1. Looking for something without any contact (Cβ under 8 Å) to a residue 60 or more places away in the chain, farther than 21 Å from Glu60 by Cα and surrounded by fewer than 19 Cβ atoms within 10 Å (Cβ to Cβ) - is there at least one such residue anywhere in the range 116-127?
2. Name the one entry in Asn195, Asn137 that is open to solvent by 20 Å² or more (accessible area, probe 1.4 Å) and either under 21 Å from Asn113 (Cβ atoms) or among the charged types (D, E, K, R) (or both).
3. Consider the range 1-18. How many of its residues are farther than 20 Å from Leu62 by Cα and either touching a Lys or Arg at 6+ places or on another chain (Cβ under 9 Å) or surrounded by 14 or more Cβ atoms within 10 Å (Cβ to Cβ) (or both)?
4. Is there a residue being touching a Gly at 6+ places or on another chain (Cβ under 8 Å) and within 24 Å of Phe9 (Cβ to Cβ) anywhere in the range 72-80?
5. Looking at the range 36-49, which of the residues that are of a type outside the set (Val, Ile, Thr) and open to solvent by less than 80 Å² (accessible area, probe 1.4 Å) is nearest to Ser81 (Cα to Cα)?
6. Taking Leu84 and the conditions (1) modelled with pLDDT under 95; (2) open to solvent by 70 Å² or more (accessible area, probe 1.4 Å), which numbered condition does it fall short on, given that it satisfies the others?
7. Would you pick out the residues in the range 145-173 that are touching a residue at least 12 places away in the same chain (Cβ under 8 Å) and open to solvent by 40 Å² or more (accessible area, probe 1.4 Å)?
8. Would you please name the residue that is surrounded by the fewest Cβ atoms within 10 Å (Cβ to Cβ), looking only at residues in the range 58-70 that are of a type in the set (S, T, N, Q) and closer than 17 Å to Thr118 by Cα?
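The values are calculated or read from the model by the stated rules, or taken from the named source; none is laboratory data. Here the structure is a predicted model, which is why all the values come from computation and not from measurement. Cβ sites come from the backbone with ideal geometry, for glycine too, and all protein chains shown count toward neighbours. Keep in mind that these areas ignore ligands, DNA and RNA; they rest on the heavy atoms of the full protein, side chains included. Shrake-Rupley method; radii C 1.70, N 1.55, O 1.52, S 1.80 Å.
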Amino acid sequence: MNAEIKQIFVFPDEFPTVTAGILLHDERILITGHENGYLMKWNIDTDEKERLHECGSQIETLSQSPTKNILVGCNSGLLFSFPLSSPREKNILQEPEYTKSSRVWRSVWPTENNLLKTSTYGSLQHFYKQNSEWKINSLIGHSHSIFAIESKNGKLLATGDYRGLIVVWEFKEGTYQSIGSLRIQGRVQDISWVNDDAFATVDEMGHINIIELDSETNQWKS
């Protein structure tokens, strides 16, 4: 069966390069982050656009919570969230520091009270809400830049780094705990869960690896 490819949106000529994005299909809205720090909202039916924020540095990651709160992470280290229904209600989780160690590479917001962001030098931080305030817990497992992170229903989490190390985590006792790891060739750029026992990774050359849980050894294998 051949799938029809249809173009649904075209960015204006000479518009700043898109570096991150979220498609909200039901709302017919596209949220994009740009190389110059612009955060844009587009109506994909009418081509109307709105500049939501100017972040001052390249936007590296966008993610959303189950209730459509949006999380924005920047190369400067700025990390903030806002409700899609009221973009001006900006909640800053991390101020920009403009250092190598503060860069935000990727993020995921699997449940309303738990979100995660990755950075350089293996930094993986779990933000959890306690009494309406965000607290931070650092997760130890990587030592290089983490360019891939994805969650399966908030219960399982997989992360992949610059040197090909993949760590699988499970949410237990209020935090994410490592339940296995493996190493593949190439820089892990993205991760997508298939089911509780399998996920896929893609590297910088476009190679796809399928990672599965061996039921006999209880080890994750490529």
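1. No, the range 116-127 has no match at all.
2. Asn137
3. 1
4. So far as the range 72-80 goes, yes, one or more of its residues are touching a Gly at 6+ places or on another chain (Cβ under 8 Å) and within 24 Å of Phe9 (Cβ to Cβ).
5. Taking the candidates together, the pick is Leu39.
6. Checking Leu84 against (1) modelled with pLDDT under 95; (2) open to solvent by 70 Å² or more (accessible area, probe 1.4 Å), the one that fails is (2).
7. The answer is Glu150, Lys152, Asn153, Lys155, Tyr162, Arg163, Glu170, Phe171.
8. Here the residue is Gln64.
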